[in-house]
Amino acid sequence: MSKLDPELREAAFGQLLKRADWSESVVQALADRKLDPALLGPSGLHRLRTHADAAVAKHAIAVIEELRGPAQKEKDAVITKLRPEILQAGDLANGAKLFTQNCAPCHKFKNEGADFAPNLNGMGAHGADVLLVHILDPNRVVEPNFIAVSIETKDDLSYDGIVLRENSSAVVLRNQTAETEIRKDNIKSRRNTTRSLMP
């Protein structure tokens, strides 16, 4: 599945889900570390956890929990601990100050900030609970166009960032500090990090 482009991968995965034995093969590939869960994304993993076949769903839940590991469980615990805080009334002045210090270097909101990461206008419609998860665990769900790549060149330089544009001869990476054009004939390795650049 890793060799397929995202649209074909989604179509192939949809076909695999139609049969319980095929779906179980996907779950076992995850368990055996032969399939990277990032290739399925959050929605694909959700589809396995809620599979119509109860045995497949049960196995998927156990495998995915194991793959998430202690770091993910620690994040979940912090999110649970802070949920009561977000139910209290907010301090707009302090929130604006925190946005300027921590978010504006990458995110734009109401014409303030950089246009590097997802625009935050309209994000309030998702509710504070959803925003809390995005802030504390930014890699839980990453839009494909904001997944960072890491490139090593033949002259032993390393670059990371999101792909701003690409053609047959060059790729342009953008991160918080710069836009860098890298000639494809100078690329030694290119790796999809499956993560955002958000700390």
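The values are calculated or read from the model by the stated rules, or taken from the named source; none is laboratory data. Everything quoted here is computed from the prediction, not taken from an experiment. Positions of Cβ are backbone-derived with ideal geometry, glycine not excepted, and every protein chain shown enters the neighbour counts. Note: accessible area is taken over every heavy atom of the protein model, side chains too, but ligands, DNA and RNA are not part of it. Shrake-Rupley method; radii C 1.70, N 1.55, O 1.52, S 1.80 Å.
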Completion exercise
Given backbone amide H placed at 1.01 Å from N, residues whose amide H is under 5 Å from that of residue 170, ignoring those fewer than 5 places away on the same chain, are 184
Practice task
Could you state the accessible area per residue of the chain in Å², with a 1.4 Å probe and every protein chain left in place?
Solution key: 65
Practice task
Give the relative contact order (percent, whole number) for the chain; include only Cα pairs under 8 Å separated by 6+ residues.
Solution key: 13
Exercise for the section: Using R₀ = 41 Å, calculate the FRET efficiency as 1/(1 + (r/R₀)^6) where r is the Cβ-Cβ separation of residue 97 and residue 21; round to 0.05. Expected result: 0.15
Practice task
Quantify, in whole percent, the carbon and sulfur part of the accessible surface of the range 144-188 (1.4 Å probe; protein heavy atoms only).
Solution key: 44
Practice task
Could you estimate the translational diffusion coefficient of the range 85-199 from the Stokes-Einstein equation, with Rh from the Kirkwood formula over C-alpha pairs, at 4 °C and 1.567 mPa s, in whole µm²/s?
Solution key: 82
Practice task
Report Rg(Cα)/(2.2 N^0.38 Å) for the chain, keeping two decimals.
Solution key: 1.20
Exercise for the section: Place +1 on the Cβ of every Lys and Arg and -1 on the Cβ of every Asp and Glu in the chain, take the dipole about the Cα centre, and give the residue among 22, 77, 106 whose Cα lies farthest towards its positive end. Expected result: 22
